[in-house]
Amino acid sequence: MTRPATPAQQLLGDIAPGLADLTDDVLFGQIWERPGLSKRDRSLITCAALVATGKTEQMGGHFPRALANGVTREELTELITHLAFYGGWPNAVSAAVRAREVLGANGRQDTRHDDPR
């Protein structure tokens, strides 16, 4: 029986099947499952890295995942504000706009955005 396609397979499988496999098996199958950090902490770190580097496209998957992993909307927006001074004002503004798009102005998750997992 064929297993259902993962979000990574759906997003990347046709153009970069090896990257999709590594995303599933290594990134989410191994790295995210390591015992040294909670998934909540991994989400905070991942979101911080995305904000600091201006990777707004990836925020569509990782901001909702952070909420699912126990990060609050307030913590996420405080992370963005804090990083304005370390990762650059334009990156923080872009992240705040993306957070509004992904989470909605009221903080509810918009499920229309792709999650790479």
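The values are calculated or read from the model by the stated rules, or taken from the named source; none is laboratory data. Because the structure is a prediction, the values reported are computed rather than measured. Neighbour counts run over all protein chains shown; Cβ positions are idealised from the backbone, glycine included.
Brief remarks follow.
- Residues within region 69-90 that are touching a Lys or Arg at 6+ places or on another chain (Cβ under 9 Å) and either closer than 19 Å to L27 by Cβ or among the polar types (S, T, N, Q) (or both), tallied: 2
- Number of the condition not met by T6 [criteria: (1) closer than 24 Å to L103 by Cα; (2) modelled with pLDDT of 95 or more]: (2)
- The lone exception for V71 - which of (1) surrounded by 17 or more Cβ atoms within 10 Å (Cβ to Cβ); (2) assigned to a helix (DSSP H, G or I) it fails: (2)
- Cβ-Cβ under 6 Å pairs, at least 6 apart or on other chains, region 79-104 side buried (at least 20 other Cβ atoms within 10 Å of the Cβ), far side of a type in the set (G, A, S) and in a loop (DSSP other than H, G, I, E, B): N91/G54; A92/A84
- Annotation: T53 fulfils all but one of (1) more than 27 Å from A5 (Cα to Cα); (2) surrounded by 14 or more Cβ atoms within 10 Å (Cβ to Cβ); (3) of a type in the set (V, I, T); the unmet one is (2).
- Taken across region 90-110, residues that are at positive phi and at pLDDT below 95 do occur, with at least one present.
- Restricting region 1-48 to residues that are in a loop (DSSP other than H, G, I, E, B) and of a type in the set (A, V, I, L, M, F, W, C), the residue that is nearest to A95 (Cα to Cα): L37
- Contact map, region 26-43: first residue within 16 Å of P7 (Cβ to Cβ), second residue modelled with pLDDT under 95 and assigned to a helix (DSSP H, G or I), Cβ cut-off under 9 Å, separation 6 or more or different chains; pairs are L27/A8; F28/A8.
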